[in-house]
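> Just dropping this structure here.
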Amino acid sequence: MAFLCHEKIAQAGPHCLNCTATERSETIMAGLDTDRTRGWDFWRIIWLMPAVFAPHIAAEYYGGCPDWVTRVMGASFNNLAFALNNLAFMLILLALTFWASRTRSRMAAFLLIAWASGNLFWDALFHIFGTVFFGSYFPRTVTATLLYFPISLWVGWSALRQSVLSPAAFAGAVAVGLGLMGFVIWYGLFHFAL
């Protein structure tokens with residue numbers, strides 16, 4: 001039955017209307033789902049997050065982001081603090097990505113999406129809205145918009161489409177990511193000032 005459904009899906013695409021619910025379920029359980037067989041598997045594409053994080057952070061560093069944050073936002077940030085913070089963030093992102101890709105556990109996926117949404121998705125929005133709000137180009141808004149935003153959406157879409165997390169768990173992870181981003185701004189840029 002699963003083989004028959006796999007043939008139907010291969011011919012008709014991922015939303016095979018001729019498949020019964022049982023056939024579709026068997027196909028997914030057998031690992032024959034077309035998203036996975038074409039290489040768009042959530043557990044593979046999560047590696048794109050650290051792959052885009054590194055060049056964006058390097059571009060921010062050399063593009064004067066710490067200076068811009070200090071000068072335009074009135075925060076206190078220097079190149080050393082920027083480099084150390086982002087090195088720690090990258091190591092955590094790599095560890096969570098490795099853990100999630102090896103164990104394929106919901107907990108690992110939740111923590112990865114929470115961490116990555118704070119460092120990629122919400123950071124992209126921070127760049128975009130920072131540029132608009134302060135009326136000054138936030139260094140590397142273009143790379144945040146062109147790299148972080150689409151990769152974040154693709155990973156999120158894959159997590160939901162492949163039922164890695166439920167919609168509620170996914171929303172919770174993204175909300176935790178927003179909290180993490182807010183905390184990083186509060187401690188890293190404003191040093192816990194109220």
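Values quoted throughout were computed directly from the atomic coordinates according to the rules given, and no laboratory measurement underlies them. No experiment lies behind these values; they were computed from the predicted model shown. Every residue, glycine as well, gets a Cβ built from its backbone with ideal geometry; the counts of neighbours run over all protein chains shown.
> For segment 93-194, which chymotrypsin sites (Phe, Trp or Tyr not before Pro) are in a loop by DSSP, counting at most 10 other Cβ atoms within 10 Å?
Details: sites: Phe98, Trp99, Phe110, Trp115, Phe121, Trp122, Phe126, Phe129, Phe133, Phe134, Tyr137, Tyr148, Trp154, Trp157, Phe170, Phe183, Trp186, Tyr187, Phe190, Phe192; in loops: Tyr137, Phe190, Phe192.
The qualifying sites are Phe192.
> Can you pull the semi-axes for segment 52-126, root of five times each eigenvalue of the Cα gyration tensor, sorted largest first, whole Å?
27, 12, 10
> Please compute the alpha carbon radius of gyration of segment 109-161, then divide it by the globular-protein estimate 2.2 N^0.38 Å. Two decimals is fine. Before the final figure, lay out each step's value.
Values: Rg = 12.0 Å, N = 53, 2.2 N^0.38 = 9.9 Å.
Normalised Cα radius of gyration, segment 109-161: 1.20.
> Quick check on segment 137-178: take the gyration tensor over C-alpha atoms, sort the square-rooted eigenvalues as a ≥ b ≥ c, and tell me if it's rounded (a/c under 1.5), prolate or oblate.
On the way: a/c = 5.53, a/b = 1.95, b/c = 2.83.
In terms of gyration-tensor shape, oblate.
> Related question: Using only the Cα atoms of segment 36-194, construct the convex hull and provide its projected area averaged over every direction, in square nanometres to one decimal. Don't jump to the answer; show the numbers that get you there.
Working: hull surface 36.6 nm².
So the mean shadow area of the Cα hull is 9.1 nm².
> Let me ask you something else. Could I have the simple spin-label model distance between Ala54 and Thr145, label points 7 Å from Cα toward Cβ, reported in nm to one decimal?
2.6
> Give me the extension gain from Trp186 to Asn78: residue separation times 0.36 nm, minus the current Cα-Cα distance, reported in nm with one decimal.
On the way: separation 108, 0.36 × 108 = 38.88 nm, distance 1.50 nm.
Between Trp186 and Asn78, full extension yields an extra 37.4 nm.
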